[in-house]
């Protein structure tokens, strides 16, 4: 018995993503010149974006990952945030850039921003590949935005649906 896959519609090509990631890297390089930058990628979704982004930043950066839980295996945020993995890097006096795949309701990123602002970090800013404001429930400013999108449930390039589709090289909308 075969299961049918939901229909996918291309939203962002691999080339569009790579071009924009390069632009973001250049902007971050300019903005953090002479500073101590730590990239904190939010697992699991941001691992591909964070890997590509860090290679475009022409600075010495420290890279670590954090893990939060808010979606589980569904397509709608539960609204409850749990930090499952803290960074292993000392943040005192350093500039923290939270790297996320998508900011949707804003609940997770606002929580993370507030959490790390209570740390001894010099600053905390947010970089997201996708800023999807259509369902924004909690105000949060994304300092570095790859793409503003307001359509569909997105998968690919790290974005998932029940842990599937992360490996797609482009971003698609699922029907």
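FYI, it's all coordinate maths here, none of it is from the lab. Remember, predicted model here, so these are calculated numbers, not experimental data. We place every Cβ from the backbone using ideal geometry, glycine too, and count neighbours over all the protein chains shown.
Of the helices (runs of 4 or more DSSP H) that lie entirely inside region 14-124, those containing 1 or more residues that are more than 25 Å from residue 174 (Cβ to Cβ), in contact (Cβ under 8 Å) with a residue 60 or more places away in the chain and out of contact with any helix residue (DSSP H, G or I) (no Cβ under 8 Å at 6 or more places or on another chain) span 14-31, 107-117. Residues in region 162-172 that are crowded, with 18+ Cβ neighbours inside 10 Å and assigned to a strand (DSSP E or B): 171, 172. Within region 129-151, count every residue that is in a loop (DSSP other than H, G, I, E, B) and either surrounded by 13 or more Cβ atoms within 10 Å (Cβ to Cβ) or without any contact (Cβ under 8 Å) to a residue 12 or more places away in the chain (or both). So the answer is 8.
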